[in-house]
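Written out below as C-alpha cells is the structure these notes cover.
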Amino acid sequence: MTDINKLIDQMVEQEVPRAVKSEAEYRKNLINVARQVGCEHELRQIFAKYDAKLGQCTNPQERKHIAVAGILEVNNLLNCRGGLAINNIGITPGDPSIKDG
C-alpha cells in the first residue's frame, strides 16, 4: 500500500462516526494529507482554480459539474485509485488491481 493510501485510510478511520464535516474542515484534512506527501502547493492551486470558477457560475447544474471536476482533480493529485462516489453516485470506477483487505 502506498503512503498516500495509508494516510487516507487513517483519515477514514478517524472519521468514525461519520459526522458530516464542513467544507472548511474537509479542506483542512486534505491539506494536511497533501502536506505530508509533498503536494500542498498544488492542492491549494486546485482549490483556488475551482473557487474562482464556482464564483463566476450561477447555474446550479453547472456548479455541480464544476465541483465534480474539482474533486476528480484532487483525487488525481493525491493518486487515489479507489472508486469515487459522491452522494452514492459512482463517478469513477476503482482500479481493478486494488484488492480489499
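No lab work stands behind these numbers, since they all come straight from the coordinates. As the structure is a computational prediction, the values presented were derived from the model and not from experiment. Backbone-built Cβ (ideal geometry, glycine too); neighbour counts: all protein chains shown.
Worth pointing out:
- Distant-in-sequence amide contacts of residue 92, defined by a placed amide H-H separation under 5 Å and a gap of 5 or more residues or a different chain, comprise 84.
- The label-point distance for residue 24 and residue 40, in a model that sets each label 7 Å from Cα toward Cβ, rounds to 1.9 nm.
- Scalar couplings 3J(HN,Hα) for the stretch 46-51, obtained by applying the Karplus form with A = 6.51, B = -1.76, C = 1.60 to θ = phi - 60°, are 4, 4, 4, 4, 6, 4 Hz; x denotes Gly and Pro.
- Electrostatic tally near residue 51: other residues with Cβ closer than 14 Å to its Cβ, Lys and Arg +1, Asp and Glu -1, net +3.
- Modelled this way, with points 7 Å down the Cα-to-C-beta line, the labels at residue 88 and residue 32 are 2.9 nm from one another.
- Gained length - residue 54 relative to residue 67, 0.36 nm times residue gap less alpha-carbon distance: 3.9 nm
- When each of the peptides 78-86, 54-62 is scored by how many other beta carbons lie within 10 Å of its residues on average, the order from highest to lowest is 78-86, 54-62.
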